[in-house]
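Student: Next up is a structure, given as structure tokens.
The values are calculated or read from the model by the stated rules, or taken from the named source; none is laboratory data. Given the structure is predicted, the values throughout are model-derived calculations rather than measurements. Note: ideal-geometry Cβ built from the backbone for every residue, glycine included; neighbour counts use all protein chains shown.
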Amino acid sequence: MATVEKTIKTGGDYSTIAAWEEDLDESSIYSSGDTAVGLVSGDHEIGTKITFNSGGTVGLVITRLSVPEADRHDGTAGSGVTLTISTSSNYCFEATNPSGEDVRRVVEWLEWDYEDTDHGGDEWISVGSGGGSTIDRAPVFSHNLVHDVDCGSNIGRIVQVGGWWSATHNNILYTVRSTSSAYCHGLQCNERISAVANNTVYDVATTGSGANARGLKINSELGYLRCFNNISVGTAGTSAADWDGTWTGSTIGANNLSSDSTAPGGDEVHGEAAADLFVSTSGGSEDLHLKGCAAAVGAGADLGTSVTVYGNAIASSTTGTAVNFDIDNRDRVAEWDTWDIGADQRVSPIVTKTIKSGGDYTSPSAWAADLDDSSIYGCGDTAVGECSGEHELTTELILNGGGTVGLVQTRITAPTADRHDGTAGSGTRWTSSSTGTKIFRMSHSVASVQRTCEWIEFDFEDTVRSGDEWIYITQGLAEGTGRLCNFSHNLLHDMDAGSSPCRLVWAETYCNALHNNIVYNVTSTSTNFVYGINHYFYNSLSSNNTVYNVSGPDANGIYYYSRFSSGAYDNNDAYNNISVGTSGTGSADFGGYAANRSSNNLSSDSSAPGSDAVTGESAADLFVSTSAGSEDLHLKSGAAAIGAGVDLGTSYTVDVHGGITVGMSRFGTALNFDIDNYDREDADDWDIGADQRVAAAASALPVAMNTYQQMMRGR
Amino acid sequence: MDLLFRTSTVSADPLTGSDGDVVCAMSCEQTERTAARNICDHHGFQILASGYRDADPLLVGFLGETNKYRFQRDGDRVERTEIATGAVDWLGSTPNDAGESIDVEQYIERRLRHSGHRIFLDAGRETWYGGTRKNIDWSEVWNNIETHSDHRRASFQDWEFSALERQHFGICNCRGFRNGESCEISHVTCVEHSGPLVDEAGEMIRKARWTVPYWDISSIDTDQTRNKNQEYDARQVGDDREKLDDLVIEATV
């Protein structure tokens, strides 16, 4: 059973779609059980109906009309392969099966341009006509762009999909006109046991007396229909509705959107105007991608890589481009997207500003203060501040802006060339002369903006100031990915809190990820609390952190706290953390409530939580250097932490309260990258702690210093 | 009119293909249009270091003749010109009376990301074309092509069939005959001589309405036509072409 590809273009295997289609029963090309793929390039005229029904005699299982990736449209007219439609019959295209033949028909990635001309027929695209109650006939119509249809006085069902287990997904259909007094439908699904997902339909209009115009028409009374994440807006006429259909108990729909109040199912969105959703509704330059902060953004349901209907998975990669790929071929699943409604999965534009002498901003505070400037940022943007050099924080730096302008994420980081190597003075460095309680706060109590801080060295210079000088991570008391905080790959050291209580990194929020940080030399004489890292709320992850030398009464290198003393929600998940060398009366390397799910942590005492813990290891046996002033907490050869960690992959899902996934690359440097930016996925086994020891590095030639290292060496 | 027809029967089911069935019928008009589109395909024009498409007059001229509008950015607004009439309107983020709006910065930024974009820089302004142009004057299109390239319309009168098509199908051509003289067959007539046979309800009853009884046509070698291991093109030139009515007949169910 082979997949046989043929090109359809001038100079290709076939010059027309019809010729390719006619040859589908050619036994010199195809064998029983094969999949036939026709790859269309260039522009083609469809002047007469194409009947896509061959291949059953030779025994093909799938026939797929598609477009090579390099030639696919970008969701707008004229950008890919265009079929110019000028048929005068009722159908311009019909994908069907003769009686007794079971071949799955797939039509994808084509632009169907009707040229706003009444050719005299109804001009339907019919996929899966003739019904069929077997998965072996299940049709697919996906990633197509259909537009500018003038039905004249004829009825219109511009895209009509039938057949059990049909899948209609990720299509864009716009501008359909009819003067029929009967009806005009944009997209119509005629069958039970089907999936209609992530389609965008706009501007279906009739002017016929008594006619009803429907953007999306679902004949769901037959049951078992799955209808998710579809947009239908801008339907107009004497009797117009964006949606129409009857839902039965076995039909499931949710996360659909309309400009009127007809979008069905749960989590529906009503009352959204096209102008508020789409980049452009201007005739001739239509672009139905989503604007920043459109109501459809993030409002969809996660469908995974297929839709299961009546026991069968459809809209999957088995037949063609799967449902998780949007109109731009972006993989919503691989990119960890929160699904949008409609064919487009919006990608947050990244606006990067430099923070350094001579840069866009000269201080982190100035950058942070400008996060709601609408002349810089648009709704839905991601703001990245790349910080280089040394910066002194004279007052608390509050990273809480961006909610007004509608940012989805703010990220402060160091450019790759200026990142530390896990030791003091080797990269971007912040010091503090603040006397406040906190020197750095990531928070927002109202809007949902994701926060990331990474690759910064926080040097507290072993100087007592009057405040506690915490790194304070809070997003207010609300859950959800929109408020997620990511604090990673930072180097924090030499904190002397004097007699004040101290929690050097305090994560008082749901949904955060603290990973791959190094914390050392924290001291206080307070009898209240002394913590290196304090994880305060649930739905959070701490992984691969290294904490050393936290001292004080009842001190803990890493402390886990749950708001619910019953322990019911104490799911601060903790993996692969090192906490050693904690000292002081009543102190312990790890403290607080045991993390709900934890393993492979390491301590010098017996307090490491969870399974596969490593205990009784001294700092001297673990680290390259614990010498004051030359601390290097990379793992030395033979350290017990080597190979003793658990493989966390490239992300982590905190499984309680909605399955929030944290630590992945969408929020910055992912959790599989260590303090040297080495990808642990390249290693055989994960180490415990922030460093993944790479044996070859011990004998490697010195690498070129980054710009900051050069400057520091010159001190 | 160039014809592609079947040279074997799939099965007894009339909804599958039968020997002689017309698969495609291409008019000279369609052949010329296709050639023009291929010559002026924007993918064949480079993207400059600036990221914009090269405003080659061949390409720009083609787009100007085949699109309804020219769009030019002016800050956060867009000037839309209807090419045929010169009428101008302005678009922006606030919907106009027709409900049209555009976020031009996002629109352009998205286009420029795609290798198939058609955004030019004209006097410092981003410029593009769009919208359906009805009644395209293909003579003007070819004037533009012949002015800005070495391609000649007269060289593109015969459909360029592929090697596989020449092996697996029959290929021939025909002429019209009116008032005692040969003539080219119109596109409308070509369209009428292809496609399925449908009943009064519009349901297909036979895969192809028309057939070429090539085995009875002297200018077509039957054996060569049926040999799928050999390329064969039976097209003739001038009046050596068969007449349409002698070549193509309605199929029987």
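Student: Scan segment A:498-531 for residues that are surrounded by fewer than 24 Cβ atoms within 10 Å (Cβ to Cβ), assigned to a strand (DSSP E or B) and modelled with pLDDT under 90 and jot them down.
Tutor: Residue satisfying the conditions is A:506 alone.
Student: I need every pair where a residue in segment B:178-203 that is without any contact (Cβ under 8 Å) to a residue 12 or more places away in the chain and among the hydroxyl-bearing types (Ser, Thr, Tyr) has its Cβ under 9 Å from the Cβ of a residue that is part of a loop (DSSP other than H, G, I, E, B) and surrounded by fewer than 20 Cβ atoms within 10 Å (Cβ to Cβ), sequence separation at least 6 or different chains.
Tutor: So the pair list comes out empty.
Student: Kindly evaluate residue A:299 against the criterion of being away from chain B (no Cβ under 14 Å) and in contact (Cβ under 8 Å) with a residue 40 or more places away in the chain. Full working, then the answer.
Tutor: Numbers: away from chain B (no Cβ under 14 Å): yes; in contact (Cβ under 8 Å) with a residue 40 or more places away in the chain: yes.
When the stated conditions are applied, residue A:299 passes them.
Student: Need at least 2 residues that are of a type outside the set (Val, Ile, Thr) and either more than 7 Å from every other protein chain (Cβ to nearest Cβ) or closer than 24 Å to residue B:4 by Cβ (or both) per element, so show me which strands (runs of 3 or more DSSP E) inside segment A:15-125 make the cut, counting only ones lying wholly within it. Walk me through it before giving the result.
Tutor: Numbers: elements: A:35-40, A:44-46, A:50-52, A:62-66, A:82-85, A:91-96, A:104-108, A:111-113.
Passing ranges, in order: A:35-40, A:44-46, A:62-66, A:91-96, A:104-108, A:111-113.
Student: Would you pick out the residues in segment A:574-626 that are under 18 Å from residue A:516 (Cβ atoms) and within 33 Å of the chain's Cα centre (by Cα)?
Tutor: Scanning segment A:574-626 gives A:574, A:575, A:576, A:577, A:578, A:579, A:595, A:598, A:599, A:600, A:601, A:602.
Student: For the condition buried (at least 22 other Cβ atoms within 10 Å of the Cβ), more than 26 Å from residue A:412 (Cα to Cα) and at pLDDT 75 or above, what is the one hit in A:689, A:645?
Tutor: Values: A:689 fails: more than 26 Å from residue A:412 (Cα to Cα).
Step by step, each of A:689, A:645 is checked, and only A:645 is buried (at least 22 other Cβ atoms within 10 Å of the Cβ), more than 26 Å from residue A:412 (Cα to Cα) and at pLDDT 75 or above.
Student: Next question, about the same structure. Restricting to segment A:345-383, count the residues that are on the phi < 0 side of the Ramachandran plot, small (Gly, Ala, Ser) and assigned to a loop (DSSP other than H, G, I, E, B).
Tutor: 7
Student: On to the next question. Within segment A:401-443, count every residue that is of a type in the set (Val, Ile, Thr), outside any loop (DSSP other than H, G, I, E, B) and surrounded by fewer than 23 Cβ atoms within 10 Å (Cβ to Cβ).
Tutor: Here is the first cut: in segment A:401-443, the residues of a type in the set (Val, Ile, Thr) are A:404-405, A:408, A:410, A:412-413, A:416, A:423, A:428, A:431, A:435, A:437, A:439.
With outside any loop (DSSP other than H, G, I, E, B) added as a condition, the list becomes A:410, A:412-413, A:416, A:431, A:439.
Okay, now just the ones that are also surrounded by fewer than 23 Cβ atoms within 10 Å (Cβ to Cβ), so A:416, A:431.
Result for segment A:401-443: 2.
Student: Taking residue B:89 as meeting all but one of (1) free of Cβ contacts under 8 Å to residues at least 40 places away in the same chain; (2) within 11 Å of chain A (Cβ to nearest Cβ); (3) under 24 Å from residue A:80 (Cα atoms), write down the number of the exception.
Tutor: If we test residue B:89 against (1) free of Cβ contacts under 8 Å to residues at least 40 places away in the same chain; (2) within 11 Å of chain A (Cβ to nearest Cβ); (3) under 24 Å from residue A:80 (Cα atoms), just (3) comes out false.
Student: Just to be sure, is residue B:128 surrounded by 12 or more Cβ atoms within 10 Å (Cβ to Cβ) and touching a residue at least 12 places away in the same chain (Cβ under 8 Å)? I'd like the intermediate steps shown before the answer.
Tutor: Details: surrounded by 12 or more Cβ atoms within 10 Å (Cβ to Cβ): yes; touching a residue at least 12 places away in the same chain (Cβ under 8 Å): yes.
Spelling it out, residue B:128 is indeed surrounded by 12 or more Cβ atoms within 10 Å (Cβ to Cβ) and touching a residue at least 12 places away in the same chain (Cβ under 8 Å).
Student: Of all residues in segment B:65-95, how many are of a type outside the set (A, V, I, L, M) and touching a Lys or Arg at 6+ places or on another chain (Cβ under 7 Å)?
Tutor: Total satisfying the criteria: 13.
Student: Counting only residues that are among the hydroxyl-bearing types (Ser, Thr, Tyr) and at pLDDT 95 or above, which one in segment A:47-78 is nearest to the chain's Cα centre (by Cα)? Spell out the reasoning first.
Tutor: Applying the first criterion (among the hydroxyl-bearing types (Ser, Thr, Tyr)) to segment A:47-78 yields A:48, A:51, A:54, A:57, A:63, A:66, A:76.
Then keep just the ones that are at pLDDT 95 or above; that gives A:63, A:66, A:76.
Details: A:63: 32, A:66: 26, A:76: 23 Å.
If we take residues in segment A:47-78 being among the hydroxyl-bearing types (Ser, Thr, Tyr) and at pLDDT 95 or above, then A:76 is nearest to the chain's Cα centre (by Cα).
Student: Can you go through A:177, A:226, A:192 and tell me which one is of a type outside the set (A, V, I, L, M) and within 14 Å of another protein chain (Cβ to nearest Cβ)? Lay out the reasoning, then the answer.
Tutor: Details: A:226 fails: within 14 Å of another protein chain (Cβ to nearest Cβ); A:192 fails: within 14 Å of another protein chain (Cβ to nearest Cβ).
Criteria check complete, one pass: A:177.
Student: Quickly run through segment A:255-270 and pick out the residues that are small (Gly, Ala, Ser), in a strand (DSSP E or B) and either buried (at least 17 other Cβ atoms within 10 Å of the Cβ) or touching a residue at least 60 places away in the same chain (Cβ under 8 Å) (or both). Steps first, answer last, please.
Tutor: Of segment A:255-270, the ones small (Gly, Ala, Ser) are A:258-259, A:261, A:263, A:265-266.
Those still in the list that are in a strand (DSSP E or B) too: A:258, A:266.
The one that is small (Gly, Ala, Ser), in a strand (DSSP E or B) and either buried (at least 17 other Cβ atoms within 10 Å of the Cβ) or touching a residue at least 60 places away in the same chain (Cβ under 8 Å) (or both): A:258.
Student: Right, another one. If I filter segment B:22-38 down to residues being more than 8 Å from chain A (Cβ to nearest Cβ) and not aliphatic (A, V, I, L, M), which single residue comes out as surrounded by the fewest Cβ atoms within 10 Å (Cβ to Cβ)?
Tutor: B:29
Student: Provide a single number: the residues in segment B:6-21 that are within 7 Å of chain A (Cβ to nearest Cβ) and in contact (Cβ under 8 Å) with a residue 24 or more places away in the chain.
Tutor: The first filter runs over segment B:6-21 and keeps only residues within 7 Å of chain A (Cβ to nearest Cβ), leaving B:6, B:10-11, B:13, B:15-17.
Still in the running and in contact (Cβ under 8 Å) with a residue 24 or more places away in the chain: B:6, B:15-17.
Matching residues across segment B:6-21 total 4.
Residue-wise test of (1) touching a helix residue (DSSP H, G or I) at 6+ places or on another chain (Cβ under 7 Å); (2) part of a helix (DSSP H, G or I); (3) of a type outside the set (Ser, Thr, Tyr).
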| residue | (1), (2), (3) |
| --- | --- |
| A:163 | yes, no, yes |
| A:168 | no, no, no |
| A:174 | no, no, no |
| A:180 | no, no, no |
| A:187 | no, no, yes |
| A:208 | no, no, yes |
| A:213 | no, no, yes |
| A:243 | no, no, yes |
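Matching residues to (1) of a type outside the set (D, E, K, R); (2) under 30 Å from residue A:285 (Cα atoms); (3) in contact with a Pro (Cβ under 7 Å, 6 or more places away or on another chain):
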residue	(1), (2), (3)
B:134	no, yes, no
B:138	yes, yes, no
B:142	yes, yes, no
B:175	no, no, no
B:200	no, no, no
B:209	no, no, yes
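Student: Something else: Only one of these is at pLDDT below 90, in contact with a helix residue (DSSP H, G or I) (Cβ under 9 Å, 6 or more places away or on another chain) and of a type in the set (Phe, Trp, Tyr): A:708, A:678. Name it. Explain how you work it out, then say what you get.
Tutor: Numbers: A:678 fails: at pLDDT below 90.
After ruling out the rest, the residue left standing is A:708.
Student: Please find, among A:28, A:66, the residue that is over 19 Å from residue B:34 (Cα atoms) and free of Cβ contacts under 8 Å to residues at least 24 places away in the same chain. Give the steps one after another, and end with the answer.
Tutor: Working: A:66 fails: free of Cβ contacts under 8 Å to residues at least 24 places away in the same chain.
None of the other options fit; the residue is A:28.
Matching residues to (1) assigned to a loop (DSSP other than H, G, I, E, B); (2) free of Cβ contacts under 8 Å to residues at least 12 places away in the same chain:
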{"residue": "A:617", "(1), (2)": "yes, no"}
{"residue": "A:629", "(1), (2)": "yes, yes"}
{"residue": "A:634", "(1), (2)": "no, no"}
{"residue": "A:640", "(1), (2)": "yes, no"}
{"residue": "A:677", "(1), (2)": "yes, no"}
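Student: Sticking with this one: In contact with a strand residue (DSSP E or B) (Cβ under 9 Å, 6 or more places away or on another chain), within 16 Å of residue A:236 (Cβ to Cβ) and crowded, with 24+ Cβ neighbours inside 10 Å: is that true of residue A:156 in this structure?
Tutor: Numbers: in contact with a strand residue (DSSP E or B) (Cβ under 9 Å, 6 or more places away or on another chain): yes; within 16 Å of residue A:236 (Cβ to Cβ): yes; crowded, with 24+ Cβ neighbours inside 10 Å: yes.
Criteria met by residue A:156.
Student: What number of residues in segment B:182-191 are crowded, with 16+ Cβ neighbours inside 10 Å and within 10 Å of chain A (Cβ to nearest Cβ)? Quick ask: steps written out before the conclusion?
Tutor: Residues of segment B:182-191 that are crowded, with 16+ Cβ neighbours inside 10 Å, as a first pass: B:185, B:187, B:190-191.
Then keep just the ones that are within 10 Å of chain A (Cβ to nearest Cβ); that gives B:187, B:190-191.
Qualifying residue count, segment B:182-191: 3.
Student: Further question: Scan segment B:68-86 for residues that are over 26 Å from the mean Cα position of the chain (by Cα), on the phi < 0 side of the Ramachandran plot and either among the small types (Gly, Ala, Ser) or within 8 Å of chain A (Cβ to nearest Cβ) (or both) and report the count.
Tutor: Residues that pass the stated criteria total 2.
Student: Please determine, by comparing only the residues of segment B:150-165 that are modelled with pLDDT of 90 or more and over 13 Å from residue B:25 (Cα atoms), which one is nearest to the other protein chains (Cβ to nearest Cβ).
Tutor: Across segment B:150-165, the extreme among qualifying residues is B:156.
Student: Then there is this: Among the residues that make up segment B:231-238, is at least one of them more than 30 Å from residue A:97 (Cα to Cα) and not in a loop (DSSP other than H, G, I, E, B)?
Tutor: Restricting attention to segment B:231-238, the residues satisfying the condition of being more than 30 Å from residue A:97 (Cα to Cα) are B:231-238.
Keeping just the survivors that are not in a loop (DSSP other than H, G, I, E, B) gives B:238.
Yes, because at least one residue in segment B:231-238 is more than 30 Å from residue A:97 (Cα to Cα) and not in a loop (DSSP other than H, G, I, E, B).
Student: Additional query: Considering only segment B:42-51, I want to know if a residue exists there that is assigned to a strand (DSSP E or B), more than 10 Å from chain A (Cβ to nearest Cβ) and buried (at least 21 other Cβ atoms within 10 Å of the Cβ).
Tutor: First, pick out the residues of segment B:42-51 that are assigned to a strand (DSSP E or B): B:47.
Filter again for more than 10 Å from chain A (Cβ to nearest Cβ), leaving B:47.
Still in the list and also buried (at least 21 other Cβ atoms within 10 Å of the Cβ): none.
No, segment B:42-51 contains no residue that is assigned to a strand (DSSP E or B), more than 10 Å from chain A (Cβ to nearest Cβ) and buried (at least 21 other Cβ atoms within 10 Å of the Cβ).
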